[in-house]
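Worksheet for the structure shown next.
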Amino acid sequence: MGAMDLPHGHPQGDDALEQLVARVPLFSALVPDELTAVAQRVRPRKHPRQEQLYGAGEKNSKLMIIHAGRVKIYRITESGHEQVIRILGPGDFLGESTFISGATSDHFALTLEASDICELHHDELHDYLLAYPSVAVKMVETLSARLAGTEHQLSMLAGEDAEHRLAAYLMALHDASGKALVKLPTTKKDVASFLGLTPETLSRKLTQFEEIGWLRLGSRRQIELLDVEALRLI
């Protein structure tokens, strides 16, 4: 989670794609001429809501960079249940695992809403990483952060109860936004899957936290954190 938000709307004009590329953290250190070179090779595409971008067992040959929308990354467990790994948003990229390992994907990628995504073929990505070391460094930093997040998730699922998992998740949303009013990035069902809880358990714990006075549940997945310190100490 923790996707970086981009300004609403798309820039207009002949250099629209260059402006979009410039907003992506992966390319943030490139100079204008380099951004133009990247923009000339990426292919923008619009994807409808609930479209599977690729699935487990497939070889995806493209790096996908999200300009608008959100994408859910998940696996199917041996018991047949969906386990959400992360939710990606504007500025994030996906599809890098096949490029790095050459293996087929071990997860699914599904759009949660209509999404604008630019694609870069892996062969071209290889050339870019050689030509623009700053892109390679940024990619490594992002993948390292994702790995740390996945390790934290596994540790949490293995050793924390439902209250601790939920409180830690709410604190992560708070720390990422710096605000007491946070918004769940996806449905409660997906949040419950990410936390290794049932939707019923998640709803029950949220209600308990509200009754205690730690938070206030709002509409459209919004939650006002009333006692951040109490939540942090759980």
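Let's see how each residue does on (1) at pLDDT below 90; (2) at positive phi; (3) surrounded by 12 or more Cβ atoms within 10 Å (Cβ to Cβ); (4) of a type in the set (K, R):
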{"position": "I76", "(1), (2), (3), (4)": "no, no, yes, no"}
{"position": "V84", "(1), (2), (3), (4)": "no, no, yes, no"}
{"position": "H107", "(1), (2), (3), (4)": "no, no, yes, no"}
{"position": "L112", "(1), (2), (3), (4)": "no, no, yes, no"}
{"position": "H121", "(1), (2), (3), (4)": "yes, no, yes, no"}
{"position": "H126", "(1), (2), (3), (4)": "yes, no, no, no"}
{"position": "T142", "(1), (2), (3), (4)": "yes, no, yes, no"}
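Here A22, A37 are screened, and the one residue that is touching a helix residue (DSSP H, G or I) at 6+ places or on another chain (Cβ under 6 Å) and either part of a helix (DSSP H, G or I) or of a type in the set (K, R) (or both) is A22.
Specify which of the listed residues (R45, R49) is surrounded by fewer than 20 Cβ atoms within 10 Å (Cβ to Cβ), modelled with pLDDT of 95 or more, of a type in the set (K, R) and under 20 Å from the mean Cα position of the chain (by Cα).
Values: R45 fails: modelled with pLDDT of 95 or more.
Answer to the check: R49.
Right, A168: in contact with a Pro (Cβ under 6 Å, 6 or more places away or on another chain) and either touching a residue at least 12 places away in the same chain (Cβ under 8 Å) or not assigned by TED's automatic domain parsing to the domain that holds V84 (or both) or not? Outline the logic, then answer.
Working: in contact with a Pro (Cβ under 6 Å, 6 or more places away or on another chain): no; either touching a residue at least 12 places away in the same chain (Cβ under 8 Å) or not assigned by TED's automatic domain parsing to the domain that holds V84 (or both): yes.
No.
The set of residues in the stretch 74-104 that are more than 17 Å from the chain's Cα centre (by Cα) and closer than 23 Å to R49 by Cβ comprises I76, H81.
Name the helices (runs of 4 or more DSSP H) wholly inside the stretch 77-178 in which the number of residues that are farther than 20 Å from R43 by Cα and of a type in the set (S, T, N, Q) is 2 or more.
Working: elements: 96-101, 122-131, 133-159, 162-177.
In the stretch 77-178, the matching helices (runs of 4 or more DSSP H) lie at 133-159.
Of the numbered criteria (1) closer than 22 Å to L17 by Cβ; (2) of a type outside the set (G, A, S); (3) touching a helix residue (DSSP H, G or I) at 6+ places or on another chain (Cβ under 8 Å); (4) touching a residue at least 60 places away in the same chain (Cβ under 8 Å), the one I85 fails is (1).
One residue stands out among those in the stretch 200-234 that are closer than 18 Å to P185 by Cβ and of a type in the set (G, A, S): the one that is surrounded by the fewest Cβ atoms within 10 Å (Cβ to Cβ), which is S219.
The values are calculated or read from the model by the stated rules, or taken from the named source; none is laboratory data. None of these values were measured; they are calculated from a predicted model. Note: ideal-geometry Cβ built from the backbone for every residue, glycine included; neighbour counts use all protein chains shown.
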